[in-house]
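Here the structure comes first, spelled out in structure tokens, and everything after it is commentary.
The values are calculated or read from the model by the stated rules, or taken from the named source; none is laboratory data. What you see is a predicted model; the values in this text were computed from it and never measured. Virtual Cβ from ideal backbone geometry, glycine too; neighbours counted across all protein chains shown.
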Amino acid sequence: MFSLIKKTEDILHIINTNQTILYIYDIPNMEIETITRDKWGAFSIEVLEKDKKDNEKIITAPLEEIIKDNDFIITCEIIASTLKQNGFFTTKKNHILRNHFNQFLGSEIFLNSIQKPKYNEDSNIIKLIEEETPTFNKLLKNLFFNEKEEVILNFISWLRIVSFEDKNQDVIWNFFGTNEEEQGQGAGKGVLITLLSKMFSGLVSSVSNTTYQNNFNSNLMNKKIIVFDEVEYQYLKYETIKDITGNPIYRIEFKGKEPIESKNVSSWLMFSNKCDLKNKIQSDDRRTFLIRPNPKNGSLKRIINKYYDGNFKQFQETLFNEIENIIHIISISSNQVKTPLEMATQAHRDYFQQSKQVSILEINDLYKIMISEDFKNKIYEIFQEIINVEISYKNDIALIKKVIHNQFMNRRTFELLFSILKENNYIKHNQKLNPNWELFKENIAKYDYVFLKEVKLKETKKYTAYRDKTLLKHISKDTKSLNQILRDLFTTNKTVEIDLDLEDCPPF
């Protein structure tokens with residue numbers, strides 16, 4: 001049996017339940033030294049050794065031997081929670097005492113933000129960030145360059161899950177370069193990592209291109225944020241990342257010990273200056289948000305020069321001083337994190353529009369959508385790419401497809417078609433609606449389409465009034481059926497689903 005020569009209440013020695021990690025907790029200085037099993041062989045401690053006859057002698061013994069038989073190392077369930085008492089504590093349930101060690105030592109601020117919030121729940125989060133954390137605001141605006149406020153709000157909601165809920169998130173934020181010349185170096189990605197490491201103390205860990213697939217992954221256990229820096233997309237095994245982030249349980253392996261299952265409480269950030277995703281992340285990906293920081297290299301330095309007299313230390317200290325306010329703002333944010341399918345970033349749109357497989361359309365050919373199956377399929381392929389990038393177009397595109405299927409085209413549908421293609425850069429931005437509607441009518445007239453100058457439908461109890469200019473396939477003379485379709489599509493609140501099986505729905 002080994003005992004400490006001079007035992008003090010200021011220092012606790014704690015080991016986890018499967019005896020793979022030793023924690024030395026310096027209570028007055030709020031510091032934790034962590035020694036993993038594979039390093040125990042390098043440590044020795046001067047201790048009192050007591051034999052079976054209670055004879056004592058002072059020896060220097062290897063840590064590996066001391067751990068096997070001692071009276072001062074406490075076995076604990078190790079947790080990493082922002083909302084539990086920090087350090088060592090015990091709980092009692094069914095008359096059984098349980099030892100816990102919360103290795104996160106900064107829980108006081110997080111607890112206060114819940115128990116004594118600084119800000120009202122209905123406060124404007126963006127305004128609070130601007131007014132209460134101006135340095136953090138500048139960093140966010142530089143990192144989320146050209147993104148709408150709703151994207152930043154979604155990131156804050158993501159941080160709320162990190163901060164106040166012990167669960168994994170399968171939503172990943174990927175910050176990457178714009179092009180070969182504008183890689184966004186010095187935009188503040190490293191500063192964000194440092195800030196989060198300061199906020200979450202020992203709850204931030206990192207992986208690299210060579211370590212994220214390692215079997216020995218104990219460094220991920222109980223970590224709130226995993227940073228994957230300098231991602232090489234060419235060699236990225238994205239399925240592995242999705243498996244890790246999407247699973248609520250980790251399989252944790254230690255050298256020389258049987259693997260254990262541990263609750264996954266992590267959320268992932270990916271960073272790279274590379275600008276080509278190498279087809280690893282597709283336009284319809286539901287996991288990873290694409291974010292392009294300020295593309296000008298050294299952009300954060302210009303901010304520091306302008307607002308902090310070029311003094312990086314002053315900038316960083318000011319940022320760190322805002323941490324308490326940041327946490328209080330995060331605490332009142334929504335905990336509903338949208339997916340990339342629900343909220344496409346500008347970087348997402350730009351990247352997939354720049355790399356789209358379908359070329360820009362010749363506006364003179366747009367009439368072919370009514371008379372050519374090949375051209376129609378090309379347009380439908382474009383539609384699918386647009387929906388993959390921005391799902392909010394789904395119902396409008398469904399409406400367009402229903403109109404085309406029924407062999408007519410009214411002006412409001414053409415305007416919808418024209419605007420969607422133009423907004424998504426499939427036709428040139430200098431094109432105007434009215435001349436192209438006239439051109440469309442002129443070209444389609446050669447293919448047995450007639451132009452009904454105006455269709456007027458009166459308001460009824462069920463339908464609102466309808467009035468619009470319409471092109472109609474000449475061979476279809478059933479205007480009564482056309483009127484009903486126009487009413488159903490344009491004068492009611494019915495939703496047209498995008499998965500409508502048009503083949504089972506013959507034209508009127």
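Contact map, the range 217-231: residues that are under 13 Å from T36 (Cα atoms) paired with residues that are among the acidic types (D, E) and surrounded by 21 or more Cβ atoms within 10 Å (Cβ to Cβ), Cβ distance under 6 Å, separation 6+ or inter-chain. No pairs are found. Restricting attention to the range 278-332 and to residues that are touching a helix residue (DSSP H, G or I) at 6+ places or on another chain (Cβ under 9 Å) and among the basic types (K, R), the residue that is surrounded by the most Cβ atoms within 10 Å (Cβ to Cβ) turns out to be R292. Would the range 285-304 turn up any residue that is out of contact with any Lys or Arg (no Cβ under 7 Å at 6 or more places or on another chain), part of a helix (DSSP H, G or I), hydrophobic (A, V, I, L, M, F, W, C) and within 30 Å of L195 (Cβ to Cβ)? Yes: the range 285-304 contains one or more residues that are out of contact with any Lys or Arg (no Cβ under 7 Å at 6 or more places or on another chain), part of a helix (DSSP H, G or I), hydrophobic (A, V, I, L, M, F, W, C) and within 30 Å of L195 (Cβ to Cβ). Can K127 be described as outside the structural domain of T82 (by TED's automatic domain parsing), out of contact with any Ser or Thr (no Cβ under 7 Å at 6 or more places or on another chain) and not in a loop (DSSP other than H, G, I, E, B)? Here the answer is yes, as K127 does meet what is asked. When K338 is tested against (1) in the same structural domain as L433 (by TED's automatic domain parsing); (2) out of contact with any Phe, Trp or Tyr (no Cβ under 8 Å at 6 or more places or on another chain); (3) surrounded by fewer than 18 Cβ atoms within 10 Å (Cβ to Cβ), only condition (1) is not met. For N311, the stated conditions hold: it is farther than 30 Å from W268 by Cβ and free of Cβ contacts under 8 Å to residues at least 12 places away in the same chain. The residues on offer are N264, N279, N297, N305, and the sole one that is under 24 Å from V191 (Cβ atoms), modelled with pLDDT under 95 and not hydrophobic (A, V, I, L, M, F, W, C) is N297. Within the range 66-115, the set of residues being part of a strand (DSSP E or B) and hydroxyl-bearing (S, T, Y) comprises T75, T90, T91. Please determine whether any residue of the range 234-252 is under 30 Å from T318 (Cα atoms), in contact (Cβ under 8 Å) with a residue 40 or more places away in the chain and among the polar types (S, T, N, Q). No, the range 234-252 contains no residue that is under 30 Å from T318 (Cα atoms), in contact (Cβ under 8 Å) with a residue 40 or more places away in the chain and among the polar types (S, T, N, Q). Among the residues of the range 482-501, those that are at pLDDT below 80 and closer than 22 Å to I371 by Cα comprise I498, L500, D501. In the range 201-212, the residues that are on the phi < 0 side of the Ramachandran plot reach residues that are of a type in the set (F, W, Y) and part of a helix (DSSP H, G or I) with C-beta atoms within less than 8 angstrom, at least six apart or across chains, in these pairs: N209/Y235. Return yes when F110 is modelled with pLDDT of 95 or more, under 22 Å from S197 (Cβ atoms) and surrounded by 11 or more Cβ atoms within 10 Å (Cβ to Cβ) and no when it is not. Considered against the rule, which asks whether it is modelled with pLDDT of 95 or more, under 22 Å from S197 (Cβ atoms) and surrounded by 11 or more Cβ atoms within 10 Å (Cβ to Cβ), F110 comes out as yes. Within the range 20-59, the set of residues being in a loop (DSSP other than H, G, I, E, B), loosely packed, with under 15 Cβ neighbours inside 10 Å and polar (S, T, N, Q) comprises N29, N55.
Determine, yes or no, whether T194 is among the hydroxyl-bearing types (S, T, Y) and either touching a Ser or Thr at 6+ places or on another chain (Cβ under 6 Å) or not in a helix (DSSP H, G or I) (or both).
Criteria not met by T194.
Among the residues of the range 152-179, those identified as of a type outside the set (S, T, N, Q), surrounded by fewer than 20 Cβ atoms within 10 Å (Cβ to Cβ) and farther than 30 Å from S262 by Cα are I152, L153. For beta carbons closer than 8 Å, sequence separation of 6+ or different chains, a first residue in the range 13-39 that is closer than 19 Å to E65 by Cβ and a second that is surrounded by fewer than 14 Cβ atoms within 10 Å (Cβ to Cβ) and acidic (D, E), the qualifying pairs are N16/E77; N18/E258; Y23/E33; I24/E33. Total residues in the range 161-216 satisfying the condition of being more than 24 Å from R286 (Cα to Cα) and either assigned by TED's automatic domain parsing to the domain that holds T17 or in contact with an Asp or Glu (Cβ under 6 Å, 6 or more places away or on another chain) (or both): the figure is 2. In the range 372-386, the qualifying residues are those that are crowded, with 19+ Cβ neighbours inside 10 Å and closer than 23 Å to I485 by Cβ, and the one that is farthest from the chain's Cα centre (by Cα) is I379.
Among the strands (runs of 3 or more DSSP E) confined to the range 396-493, the ones with at least 3 residues that are in the same structural domain as Q384 (by TED's automatic domain parsing) and buried (at least 18 other Cβ atoms within 10 Å of the Cβ) are located at 408-410, 466-473. Of all residues in the range 421-449, none that is more than 16 Å from Y367 (Cβ to Cβ) has its Cβ atom under 6 Å from the Cβ atom of a residue that is outside any helix (DSSP H, G or I), 6 or more apart or on another chain.
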